[in-house]
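Reading through the structure tokens given below for one structure.
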Amino acid sequence: MAERSRKDVDREKKLHRLLSILRNLDIRQQCTPKILAQEFGTTERNIYRDLNDLDAAGFSITFDREYNTYRFTDSDFSLRDLNLNSGELTALLVGQQLSHNLGKPSVERTVCEKSRNHAETSSWLTSVYQSQPKRRM
């Protein structure tokens, strides 16, 4: 049982890193593996894996040599319409875990299979978010 909970913690950390990286890219913050690894207390190798996972999920990310940072390939792309707070991010994680436990594809796999196009992926994520009932905390 302890091993399973460790996996859950690792998944939660990774999901937090992925969403935080997306947010940093969206606000055009300097995003290098070294800076991100320090920010999240992980290795640069894990950050490279995260960037590859985001690319595989349809978020087109490239390294800008002029500014020495990663950024979205499409400079007009934005996630600002999502505006998720930490409670909503947690709800996404719980939903992912529930779908995994029910034998359905996880959100991560569904995003990967949904589209390689980041604009379609963002639209899909927005529709998933908007379909959730609003709750007051």
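Here are some notes:
- Accessible surface comparison of 67, 48, probe 1.4 Å, protein chains only, largest first: the order is 67, 48.
- Low-density loop cleavage sites - trypsin sites (Lys or Arg not before Pro) in region 37-80, where at most 12 other Cβ are within 10 Å (DSSP): 65, 80
- Using a probe of 1.4 angstrom and keeping all protein chains present, the accessible surface of region 1-57 works out to 61 square angstrom per residue.
- Extension gain, residue 99 back to residue 23 (0.36 nm per residue minus Cα-Cα distance, nm): 24.9 nm
- Each 5 Å bin from 0 upward holds the following percent of the Cα-Cα pairs of region 1-75: 3, 15, 27, 25, 15, 7, 4, 2, 1, 0.
- Förster radius 30 Å - calculated FRET efficiency between residue 76 and residue 38, Cβ distance, rounded to 0.05: 0.55
- Subtracting the Cα-Cα distance of residue 7 and residue 86 from their residue separation scaled by 0.36 nm leaves 26.4 nm.
The values are calculated or read from the model by the stated rules, or taken from the named source; none is laboratory data. Computed from a predicted structure; not experimentally measured. Neighbour counts are summed over all protein chains in view; Cβ atoms, including those assigned to glycine, are modelled from backbone coordinates with ideal geometry. Accessible surface is based on the protein model in full, side chains and every heavy atom, while ligands, DNA and RNA are left aside. Shrake-Rupley method; radii C 1.70, N 1.55, O 1.52, S 1.80 Å.
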